[in-house]
Amino acid sequence: MRERTIFTLVVLSLVLVIIGYLVATQVDLSGLMPEQAATSSVLVDKLFNFLMGVAVVIFLLVEGALIYAVIRFRRRAGDETEGPAIHGNNTLEIVWTLVPAIIVIVISIYSYRVLTQIERPVDSPLVVRVIGQQFIWSFEYPESGVTSSSLHLPVDRPVQFQIEAKDVIHSFWVPEFRLKRDATPGQIDELTITPTQLGRYPIRCAELCGAGHAAMVGEVVVETHEQFDAWIAAGGRDAVEGGLADDDGDTSVAPDGRSVFVEFGCGACHLLSDGGGAGIVGPALDGISNIAASRVDGLGAEEYLYASITDPNSYVVEGFAEGVMPLIYTELMTPEQIDALVEYMLTQ
Amino acid sequence: MSVQNTAQDEHFRAGKALGLDHLKLGMWLFVGSEVMFFGGLIAAFLHYKVNTPSPVETALLDVTLVGINTFILLTSSFTVVLGLARAQNDDRAGLMRFLGLTALLGTVFLAGQVYEFVALYQEGVTLSSSVFGSSFFTLTGFHGLHVLIGVGWALATLAKAVRGGYSRDDHIGVEIFGLYWHFVDIVWIVLFTIIYLI
Amino acid sequence: MSVETPTASKPIEWRRYFRWNTDHKVIGIQYLVTTFFFFMVGGALAMLIRTELAQPGQDLLNGVEYNRFLTNHGSVMIFLWIIPVLAGLGNYLIPLMIGARDMAFPNLNALSFWLIPPAGVLMIASFFVGAAESGWTAYVPLSVTAPMGQTVWAVSVVLLGFSSIFGAINFVTTVLTMRAEGMGFWDLPLFVWGMLATALMVLLATPVLTAGLVLIAMDRLAGTLFFAVAAGGNPIFWQNVFWFYSHPAVYIMILPAMGVISEVFPVFSRKPIFGYKAIAISSMAISVLGLTVWAHHMFTSGMNPALRIPFMITSMIIAVPTGIKIFSWLATMWEGKLRFNTPMLFALGFISLFLIGGITGIFLASIPVDLHVHDTYFVVAHLHFVLFGGSVSAVYAALYYWFPKITGRQYDERLGATHFWLNFLGTNLSYLPLFVAGLLGMPRRVADYAPEFAIYNQLATLGAFLLGISTLPFLYNVIISWIKGPKAGDNPWEALTLEWQTSSPPPEHNFETAPVLSRWPYDFGEKVSPADASEASASAGD
């Protein structure tokens, strides 16, 4: 009987370990994670798979024992006896203290190794300053002096982000890169990433930063070195919506005001039904063309709107605070984009 | 009967014999949590002292005045001890004398603190002049509040003694107050060291 | 110790539940009922949040309202429900379990309770002056510039902190000095061990949060500069102070729950608890270790990189004492005679759900994985499995288990089982999909999300409403059974802890004569010699 128990236990542990090994190495868990778009993604996912292997084993062990006990040891009708008076078992207790201890130490060591690989210093990275503020990300390339609201990165070149915040804490996160770092006012935090996949990925703010937190979504464009250089050469203007420098150099396409509204995330703070804006941080913009015309004596709607975008503190609407709207739109937008946005506002 | 009655369990079983009165144990626990409260404020003070030093404002601190004040507060701890000894000897008049002296010394300390605060405000060191000002006034202010509560407590204990309370067999109230008062004193020694001496 | 027929047959004076009363049993019921009310308030906020999230886009709540609801959902659930409801259980049970007549400081005990209603009213009333909207974490500088309600919120949390601290002083003093004759530390029921470990954490950690809230309040009201970045203020300092309390708070919310589970398993397995000392010691180990792990909430905050490693290791090691408990409960069931009354169902549910919360905790402790999932719905799912699947399941187990003791009447098992299954399914449906949403890239605390996360959120919203519905059979069961349930008898579960050795409900002074411990609380099993069992089971058996 006792030998049979030991045999069963050995077989069960073997089966569990094999299942764990298969989960960690063979089973495709990529459906649980976004695309792998950086070197860090591959490393984190490997560690994640390993942890899933351990987790599945522990889960099956505990749930299996629980369900087995529930079925096997349920009281039969009419049985008023009690179970055996067993108070403990030193061997068993030592095993279930030591084995988990060893497992978590192994996990710690593995995690530490992955961490050092992720954070390994790199030579001559592309430096990008990441600035978070309510509720927009902006990016500065110190080498070229370019400032942009979208993040462009050349593929396979390490990037060192220098992350800061202007108002409250934000958190810079690209799920496809698997890394995030808080943007904290008063300090600059560094994060190094090497993107490996061409494509466009969302940048999501991961730290609650106020009413427009959910809408604080930016975009990272991972592109070839040639595309990146061209983008920098064009002053960091977005080739698609901006209409300034398309790939074929055609600059004649007029920017579309509604796209500008969407691209720069105006809707995070401003309500505008047509542009999908639902924010309430700033004044609502539905019907703005009529309001703008009569807001300030002696100032036409167009002038008023232009001033409100380029110098938001010039005419602050009653009930809203001065200094809330970022002062960076003249830097981020081309003059054409600002004009297009004003024009679009006039139709609303 | 009960299980595992081995020798090493025996002294655990003696747990009831901690020899502590309810009130005294409760007070110790309360003091423990107060230590953590001041620990939080002290951590804030030290954090800003290290990371955002204010040498000019620190130099304005009057170490001599506060040193004398510290001596006064330490003396008041001594008077509480003497008062308790009187109570244990059934000497109510002596108890009253020393409780009164304790309250008086506490009040003198508070007066010194107010004088110090006013002087600093006149020099331009305020709650909102710098993180040093913020953390200095918050930390010493909360300590001052504890002294104020202690003075009130001393007077309440005194009032009970005047009405004929406390005796050789019943002086737990004096002891509890003493515990609190010593705690306030010890916190001050820590504060004096980290704020004025280093 | 002999058990006599209750003298407490005089009509229950219901008004005493609305007054200052120093009887720990009255205070315990005041705690349980008041906190359950706040549980429903927090639940209503949760369902509003889930309704907003039922589909992408912002329909029901705007960004500000959403943030206010999520902040107060978290604050109400943590500070006004789980922490105080467990204190309420401790209040009702500790004196009975250790054979004391009352708590050591009855008036302080009443004060602990009476701080809760005003604090709760303040927190809810803060909606009228612009409620707190910076999350229950109140990260600075967002919380410094938030509207007036943030100050009200801070005052409310400080009051609740005082309530916790006074309660903890009472628990420790009572357990250390008022045990029945013959009751050593190794005879303490494991629920009492859990409360003792919790009380020590409360005493050490809660005042630090109070100090931190003082700093925020000073910044908001007195113009101090602690968190004013331009003047050298430091937002990270708040995070350290906050998590120094709030991570231990997780153990404050789970250790008493584990204590409940340790009471339920032996009784319904008819076996001694397996590894009594290991369970007791692991509670104390968790309470000590729990004070050393707080910075694992700050791996992405740009803290000193080298310091992350020790915090990762301490966080991982907490899995060991936690594992000891789970394995010990499983071993307690082994070869037992399991009875599936509602408390046992919830205890089994506790293991299943808490297990998921615990395992995902390992993922979060591993720094590289945390860098991805921190501040995402993965964390939301993890903490709800721990606190809802874990703590709340245990609270339900406790309410069913001690219902006959508190009311003298028996609840309806069928309604109890219905409640359990709705709750169990609802919990899994609500929170399992959120793990995936978080892994795939959905941040937490968002009022809107990308369309690709819709399916997970729809499932979670369905689950949330299922959870809302699941409270109905519970409430119906409790109210109806309390009024006209069948008489339960003094010891319907044939349990051995002291609270079952007096009448149900217990008389005003708990025991007619000073109880003497005659039997170890988990002395179940077939090898007990008849002489030892005589007294306790003679009174329990009829």
Quick one: in the range C:128-176, of everything that is among the aromatic types (Phe, Trp, Tyr) and more than 24 Å from C:Phe113 (Cβ to Cβ), which residue is farthest from the other protein chains (Cβ to nearest Cβ)?
C:Phe128
Please verify whether C:Phe354 is assigned to a helix (DSSP H, G or I) and under 19 Å from the mean Cα position of the chain (by Cα), treating the condition exactly as stated.
yes
All but one of (1) surrounded by 24 or more Cβ atoms within 10 Å (Cβ to Cβ); (2) out of contact with any Pro (no Cβ under 7 Å at 6 or more places or on another chain); (3) modelled with pLDDT of 95 or more hold for C:Leu115, so report the exception by its number.
(1)
Residue among A:Val317, A:Val342 that alone is surrounded by 19 or more Cβ atoms within 10 Å (Cβ to Cβ) and either of a type outside the set (Lys, Arg) or touching a residue at least 24 places away in the same chain (Cβ under 8 Å) (or both):
A:Val342
The residue that is modelled with the highest pLDDT, considering only those in the range A:224-238 that are crowded, with 19+ Cβ neighbours inside 10 Å and not aromatic (Phe, Trp, Tyr), is A:Gly236
Evaluation of A:Val57 against (1) in a helix (DSSP H, G or I); (2) within 8 Å of chain C (Cβ to nearest Cβ); (3) touching a Gly at 6+ places or on another chain (Cβ under 8 Å) (one fails), failing number
(2)
Selection from the range A:274-311 of residues that are farther than 21 Å from A:Leu332 by Cα, touching a residue at least 12 places away in the same chain (Cβ under 8 Å) and in a helix (DSSP H, G or I)
A:Ile288, A:Ser289, A:Ala292, A:Arg295, A:Ala301
If you scan the range A:197-217, which residues turn out to be outside any strand (DSSP E or B), within 7 Å of chain C (Cβ to nearest Cβ), under 12 Å from A:Phe172 (Cβ atoms) and in contact with a helix residue (DSSP H, G or I) (Cβ under 9 Å, 6 or more places away or on another chain)?
A:Glu207, A:Cys209
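To keep it simple, each residue is scored yes or no on (1) over 19 Å from C:Ile406 (Cα atoms); (2) assigned to a loop (DSSP other than H, G, I, E, B); (3) β-branched (Val, Ile, Thr); (4) modelled with pLDDT of 50 or more.
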{"site": "C:Trp500", "(1), (2), (3), (4)": "no, no, no, yes"}
{"site": "C:Pro507", "(1), (2), (3), (4)": "no, yes, no, yes"}
{"site": "C:Phe511", "(1), (2), (3), (4)": "no, yes, no, yes"}
{"site": "C:Phe524", "(1), (2), (3), (4)": "yes, yes, no, yes"}
{"site": "C:Glu535", "(1), (2), (3), (4)": "yes, no, no, no"}
{"site": "C:Ala540", "(1), (2), (3), (4)": "no, no, no, no"}
Residue list for the range A:13-54, restricted to those being more than 14 Å from chain C (Cβ to nearest Cβ) and either touching a residue at least 12 places away in the same chain (Cβ under 8 Å) or aliphatic (A, V, I, L, M) (or both):
A:Leu14, A:Val15, A:Leu16, A:Val17, A:Ile18, A:Ile19, A:Tyr21, A:Leu22, A:Thr25, A:Val27
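Has the range B:121-132 got at least one residue that is away from chain C (no Cβ under 14 Å), farther than 26 Å from B:Leu197 by Cα and surrounded by fewer than 19 Cβ atoms within 10 Å (Cβ to Cβ)?
No: the range B:121-132 contains no residue that is away from chain C (no Cβ under 14 Å), farther than 26 Å from B:Leu197 by Cα and surrounded by fewer than 19 Cβ atoms within 10 Å (Cβ to Cβ).
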Among C:Leu86, C:Leu80, C:Leu96, which is touching an Asp or Glu at 6+ places or on another chain (Cβ under 8 Å), more than 10 Å from every other protein chain (Cβ to nearest Cβ), closer than 26 Å to C:Ala199 by Cα and buried (at least 24 other Cβ atoms within 10 Å of the Cβ)?
C:Leu96
Residue by residue through the range C:338-384, note down the ones that are among the aromatic types (Phe, Trp, Tyr), out of contact with any strand residue (DSSP E or B) (no Cβ under 9 Å at 6 or more places or on another chain) and within 12 Å of chain A (Cβ to nearest Cβ).
C:Phe350, C:Phe354, C:Phe363, C:Phe378
Condition (residue is away from chain C (no Cβ under 12 Å) and out of contact with any Phe, Trp or Tyr (no Cβ under 9 Å at 6 or more places or on another chain)) applied to the range A:97-114: is it met by at least one residue?
no
Only one of (1) of a type outside the set (A, V, I, L, M); (2) in contact (Cβ under 8 Å) with a residue 60 or more places away in the chain; (3) away from chain A (no Cβ under 12 Å); (4) surrounded by fewer than 22 Cβ atoms within 10 Å (Cβ to Cβ) does not apply to C:Ser470, and that is (2)
Search result, residues across the range A:319-348 that are of a type in the set (D, E, K, R) and within 16 Å of A:Leu285 (Cβ to Cβ)
A:Glu343
Having 3 or more residues that are among the small types (Gly, Ala, Ser) and touching a residue at least 12 places away in the same chain (Cβ under 8 Å) is the bar; report the helices (runs of 4 or more DSSP H) wholly within the range C:85-194 that clear it.
C:116-125, C:149-177
Answer yes if at least one residue in the range B:30-48 is more than 8 Å from every other protein chain (Cβ to nearest Cβ), more than 17 Å from the chain's Cα centre (by Cα) and modelled with pLDDT of 90 or more, and no otherwise.
yes
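What number of residues within the range C:269-280 satisfy the criterion of being more than 17 Å from A:Thr91 (Cα to Cα) and assigned to a helix (DSSP H, G or I)?
Number satisfying all stated conditions: 2.
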Tell me which of these A:Thr97 doesn't satisfy, since it passes every other one: (1) part of a helix (DSSP H, G or I); (2) exposed (fewer than 14 other Cβ atoms within 10 Å of the Cβ).
(2)
Can you name the residue in the range A:65-85 that is in contact with a Ser or Thr (Cβ under 8 Å, 6 or more places away or on another chain) and in a loop (DSSP other than H, G, I, E, B) and, of all such residues, is modelled with the highest pLDDT?
A:Phe73
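What tally of residues in the range C:206-228 results from selecting those that are small (Gly, Ala, Ser) and at the interface with chain B (Cβ under 7 Å from one of its Cβ atoms)?
4
Any idea which residue in the range A:12-31 is nearest to A:Val42 (Cα to Cα), counting only those that are surrounded by 12 or more Cβ atoms within 10 Å (Cβ to Cβ) and within 28 Å of the chain's Cα centre (by Cα)? Break it down stepwise before answering.
Of all residues in the range A:12-31, those surrounded by 12 or more Cβ atoms within 10 Å (Cβ to Cβ) come to A:12-13, A:15-17, A:19-24, A:27, A:29.
Next, from what is left, pick out any that are within 28 Å of the chain's Cα centre (by Cα): A:23-24, A:27, A:29.
Values: A:Val23: 16, A:Ala24: 14, A:Val27: 15, A:Leu29: 12 Å.
So the residue we want is A:Leu29.
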Any idea which of C:Phe226, C:Phe242 is surrounded by 23 or more Cβ atoms within 10 Å (Cβ to Cβ) and assigned to a loop (DSSP other than H, G, I, E, B)?
C:Phe226
Residue ID - surrounded by the most Cβ atoms within 10 Å (Cβ to Cβ), chosen from residues in the range A:174-185 that are hydrophobic (A, V, I, L, M, F, W, C) and more than 7 Å from every other protein chain (Cβ to nearest Cβ)
A:Phe177
Go through the residues of the range C:177-184 one by one and say whether even a single one is under 17 Å from C:Leu80 (Cβ atoms) and facing another protein chain (nearest Cβ under 8 Å).
no
From C:Thr224, C:Thr177, C:Thr210, residue being farther than 18 Å from C:Gln150 by Cβ and either among the polar types (S, T, N, Q) or in contact with a Lys or Arg (Cβ under 8 Å, 6 or more places away or on another chain) (or both)
C:Thr177
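The values are calculated or read from the model by the stated rules, or taken from the named source; none is laboratory data. Not measured: the values here are computed from a predicted model. A quick note on method: Cβ atoms are made from the backbone with ideal geometry, for glycine too, and the neighbour counts reach across all protein chains shown.
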